[in-house]
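Here is the structure we will look at.
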Amino acid sequence: MSQPVKTLIAGNWKMNGLKASLGELEQLKALVGAGPLACDIAVCVPFTLVASAATAMAGSPVAIGGQDCHTQTSGAHTGDISAAMLADAGAAFIIVGHSERRADHGETDANVQAKAEAVIAAGLTPIICVGETEAERRAGSALAVVESQLAASVPDSAGTSKIVIAYEPVWAIGTGLTPTRADIAEIHAAIRAQLVARFGDAGAGIAILYGGSMKPGNAAEILGVDDVNGGLVGGASLKAEDFNGIIQAA
């Protein structure tokens, strides 16, 4: 029988954060204490802050992550950064396939899968994002879109390596809108079923996060939905007190 999936609350600072923002991490470190906690915590900061954030969070249960990476370990790729470089800087997680990367940079499922493989090869945990747009949901194709992205974005190595899936309805990111509990339950159940069908017991142990306007006021309700094993938190992760409110709800 598969073990219960431990909750993960992961923050995504996106293109926000300067050196002064490390004060929020220091405050978060003080708020959560030394652990142990009932959930895992990660904060995915801009590349410029990964090393200093990892140093700041040393000795705390808060892991640091990056927000993207290249598919290659090194090479002539000006302006890019590899998973190995992020590992060297102290990252433990890397987000791949976020809807903003898919939309703004034209990333395909194949790109996302290759990046996830690179993250695994570097010894880190990929947070692989999937989710439908508002137009796709209105068209009744949300489930089909998510299942298609999941099938093509998750590498075969996920069966023997640690990965995390994040379901993020694109229309709910930063808008204050959230799907109903039934909407979330339907998509998360479908993701779980697909992971189990593909990876067996290993698929049952993969954390599935919900991402999209999660905040202290709605976190407990969302986290109470079956197969919601945590959250990928955007705006609310920028302030230590708000992010800690979600952690406490977990």
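Where a number appears in this text, it was derived from the coordinates with a stated rule and is not lab data. Treat the numbers as computed from the prediction; the structure is a model and nothing was measured. Cβ placement follows ideal geometry from the backbone for every residue including glycine, while neighbour counts extend to all protein chains displayed.
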For every helix of n ≥ 4 consecutive DSSP H residues, a contribution of -39,500 (n - 2.57) applies; sum these over the chain, divide by its total residues, and give [θ] at 222 nm rounded to the nearest 500 deg cm²/dmol.
-> -12000 deg cm²/dmol
Out of every Cα pair in the stretch 1-92, what percent are spaced more than 18 Å from each other?
-> 48 percent
Bins of 5 Å from zero: percent of alpha-carbon pairs in the chain | 1, 7, 15, 19, 21, 18, 12, 6, 1, 0
Charge dipole (debye, nearest 20) of the chain; +1 at Cβ of Lys and Arg, -1 at Cβ of Asp and Glu = 340 debye
Additional length obtainable on full extension of the chain from ASP104 to GLU221, 0.36 nm per residue less Cα span = 39.0 nm
25 Å Cα-Cα reach of LYS6 towards lysines, excluding residues that sit fewer than 8 places from it in its own chain = LYS14, LYS29, LYS115, LYS162, LYS215, LYS239
